[in-house]
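Engineer: Below is a structure I'd like to ask you about.
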Amino acid sequence: MEEITPEDPAILKGCILPDRTELQERILKAPGDVIVGEHSRIEYGISGYDIFIAESCYLKGDVTAAGDLRIGNFSEIDGNLACDGDAYVGEGVVIRGMLSVMGNLDIGDNVMIEKGFDARGEIAVRNPMPVILYIILYVMTMLRLD
């Protein structure tokens, strides 16, 4: 496979699949890690080792990770998610299926999972501090300094 540099305009016009990637009936099966770029729309499921889905993506199909799974903010998954490692789900994510995690689950604020979830490890739900509260605490701290 040829090497592609970030300056190469072809990277913006197409899809690059690594060697030994299989396009099965409704799933893209990669032999290693999978990275889905921002604002992508994929009409297939994805299977790989570590899977990273960037922000504001739409996937129509199941996602299966043999390792860790990371889903960026405001993404939409129209299928089930299965992860054999740890999973990180960003805020505002919509999952129209079941989420199954064998490791730890770190889940953001305002996440909707339609068919429930199963996590074998620790579950951490992030609830970000409102910005106004942060600014007030910052100003109070600055006023106490000489």
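Engineer: Could you check how many residues of the stretch 47-81 are hydrophobic (A, V, I, L, M, F, W, C) and more than 12 Å from the chain's Cα centre (by Cα)?
Structural biologist: The qualifying residues number 1.
Engineer: Looking at the stretch 107-117 only, could you name the residues that are within 22 Å of TYR49 (Cβ to Cβ) and open to solvent by 50 Å² or more (accessible area, probe 1.4 Å)?
Structural biologist: Kept after step one, since they are within 22 Å of TYR49 (Cβ to Cβ), are these residues of the stretch 107-117: 107, 117.
Selection gives PHE117 alone.
The values are calculated or read from the model by the stated rules, or taken from the named source; none is laboratory data. Treat the numbers as computed from the prediction; the structure is a model and nothing was measured. All Cβ positions, even for glycine, are placed from backbone atoms using ideal geometry, and neighbour counts span all protein chains on display. Side chains included, ligands, DNA and RNA excluded: accessible areas come from the protein's heavy atoms. Shrake-Rupley method; radii C 1.70, N 1.55, O 1.52, S 1.80 Å.
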